[in-house]
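First comes the structure, then the notes that go with it.
Any read-out appearing in this document is the output of simple, stated calculations on the displayed coordinates, not a laboratory observation. No experiment lies behind these values; they were computed from the predicted model shown. Ideal geometry is used to build each Cβ from the backbone, glycine not excepted, and the neighbour counts take in all protein chains shown.
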Amino acid sequence: MRLPARSSGFSILLRISLPCVVVLWASGVRAADVTLGIIGPHEYDLPVDFKPFNVLVQYGDGNAAGNSYNSLGQRRPDGGSHTWSGMTKYVHFRSFDAIPHVGFAFELIQTESYSLADGTDYGGLGPTIVGPAAWFKPNRHSTFGIQTFMQTAVGTRDATSPNYWSNISSFIFDYEWTHFSFDGDAGTVAGAAKHVRGGHTYSPGVVFYTNLRFSWKATRLFEPFFALDWQNVKGTYDRTAGQYLDDSNSREITLGLGAMFNITKHVSFTTRYSHSVDGRNIPESNAYYVKFVYLW
């Protein structure tokens, strides 16, 4: 995909939208989804020196996991979950004449979630996520930048609230060939202390993650892609007891296949299926993803 010109960039800009993440923690329970696993191809195929524009994105994903991985990395037929989540996002993109050849974006994201497992049946709004991103283009085929988001501590109910503030930061990159595209990110999630009323104080484990997407530009409309997601989470530290919680660290690797459809110059739709190939102390991923983008 070529670097968009100032006058003809809408077909390219349609493909982009900076991602978000929800990191929910409870004692002994972790979400099965890899951080920023929602991204699709061209997520970071970003322009510079452009006129301001806006993007509205709706993400959705579901995970029907009947199995889980234990502390030895063995797959067990229990401990899974059935969850759905959504993320509604508004992004404002702009550049500044005083800072040439650099692009900027600011995001406002509202998360939604629903869970059905082990007798539970609940849903609601999760925390809100806000933050900026900035990038430049080392050459006309590539993009490199950084993004950082703050996630609030509460949602509409305790089950959808992490109950601590956190920061999600990552480096982002993209490289475009004539018929292929490769992009992704690598970053961390760091959380503030979690105070349990009448109980202990916990330090959530730092999350390390990467998400890679390799796509084939089959036609202007249709673009299949391959996805690899990796995440490693350090253990949760009980500050009151002065020790780490048992089996609170985790890891996961997932592989997936998907397709992106550039329906018009203002609308696109992306779908993907991914499954765990390795894990520890985490429900397996047996997940499907969708993303709808509208640009104006």
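Below is a table of values for the structure above.
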| quantity | calculated |
| --- | --- |
| For ARG280, residues with placed amide H under 5 Å, excluding near neighbours | ARG251 |
| Cα-projected label distance for HIS266 with TRP216, points at 7 Å along beta-carbon direction, nm | 3.3 |
| Percent of Cα-Cα distances greater than 34 Å, calculated over the chain | 20 |
| Residue list for the range 151-167, given a label point 7 angstrom along the Cα-to-Cβ vector of TYR122 and an amide N cut-off under 17 Å | 153-164 |
| Relative contact order %, the range 10-295, counting alpha carbon pairs below 8 Å whose residues are six or more apart | 20 |
| Cα-based Lys proximity count in the chain, under 30 Å, for pairs eight or more positions apart or on separate chains | 19 |
| The range 276-284 - phi-based ³J(HN,Hα) in whole Hz, Karplus 6.51/-1.76/1.60, Gly and Pro as x | 5, 10, 7, x, 7, 6, 7, x, 5 |
| Charge dipole magnitude, Cβ of K and R +1, D and E -1 - the chain, Cα centre, debye nearest 20 | 640 |
| Simple spin-label estimate for TRP177 and ALA98 in nanometres, 7 Å along Cα-Cβ | 4.2 |
